[in-house]
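Okay, structure first, notes after.
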Amino acid sequence: HGNTSWAPTLEDTVLAPTEAVPGGDRCRGYYDVMGQWDPPFNCNSGIYRYCCGTCGYRFCCQFKHGRLDQSGCSNYDTPNWVNTGQPPARVDETPEDPTRDKTNMIVYIICG
């Protein structure tokens, strides 16, 4: 789909335990460790019926004991470090008092 960006919907961001869908679990959408939004998906493919993995990497697995408790995860909102905002203000490199900066004079004396 080109440069289409996925974003969470209200349904994806509501904090609720793992929901079982007919035939399997639903892995909720989340922000991974790189700050990319991973959309929700259903685990209903053959024997892979449970949402497993970690809060930052989810996949479908076969065994219920490996099931991820998604209600304990907190990566459903955009991470703060992704919002870079504006760059810091640039510092003016010219000295306010030319008599305080003796760098040029020292260079002339050494090179002279």
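Computed from the coordinates by the stated procedures, all read-outs in this text should not be read as laboratory data. This is a predicted model, so every value here is computed, not measured. With ideal geometry, Cβ positions are generated from the backbone for all residues, glycine too; neighbour counts draw on all protein chains shown.
Some observations on this one:
- Formal net charge of residues neighbouring residue 79 (Cβ-Cβ distance under 15 Å; K, R +1; D, E -1): -3
- Each label was represented as a point 7 Å from its Cα along the Cα-to-Cβ direction; for residue 64 and residue 33 these points are 3.1 nm apart.
- Gained length - residue 82 relative to residue 54, 0.36 nm times residue gap less alpha-carbon distance: 8.0 nm
- Distance between modelled label sites at residue 44 and residue 73, nm, 7 Å Cα→Cβ extension: 1.9 nm
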